[in-house]
1. Exposure proxy check: V91, V69 ranked by fewest other beta carbons within 10 Å?
2. Take the cross-link list K6/K62; K6/K70; K6/K87; K2/K105 and give me the ones stretching past 22 Å between alpha-carbons.
3. Would you mind ranking H116, H39 by Cβ crowding within 10 Å, fewest neighbours first?
Amino acid sequence: MKPFTKILTAVDFSENSDYAFEYALTLANQFNAELTIIHVINEPVDLRGFYVPHISFEQLEKEIEESAVKMMATFCSSKLGAFTNYKTAIVTGIPCDEIIAAADKNDASLIVLGTHGRTGLDRILFGSTAERVVRSAGCPVLTVRLPTP
């Protein structure tokens, strides 16, 4: 088995990604690996159909990005503790494509993702980012689900 020297994890600030992040951080500590934390803002084109009379589309995009930056800073300060071997990225695009591109760019040896475990119609309508990443990634992918009560 190749050592995990660079681990990439994607966060959407949900309970699922928080839980998966704990695995990524634990592995990064155990393997003394660099940890890249990425947040993908869904392509803004998804928002163009909504009418927001008090704000321009460009301003809306800017506010979404500024909010993501603040959320990432809060996330890192509350979750990383003494761990310092990390970097963050906030990108815009299709989540599965951006996660794979970031893994390739950073030469990731492991991707850690939370999964919502959608099935049936939900899975058809919303798809599965984790499944798409597993199918296309050039490195191993660890998917983590919340424990069932």
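1. Working: V91 16, V69 13.
Lowest count first: V69, V91.
2. Values: K6/K62 30 Å; K6/K70 24 Å; K6/K87 11 Å; K2/K105 18 Å.
Correct reply: K6/K62; K6/K70.
3. Details: H116 18, H39 21.
Least crowded to most crowded, the residues run H116, H39.
Any read-out appearing in this document is the output of simple, stated calculations on the displayed coordinates, not a laboratory observation. Everything numeric in this text was worked out from a predicted model, so none of it was measured. Here the Cβ is made from the backbone with ideal geometry for all residues, glycine too, and neighbour counts use every protein chain on show.
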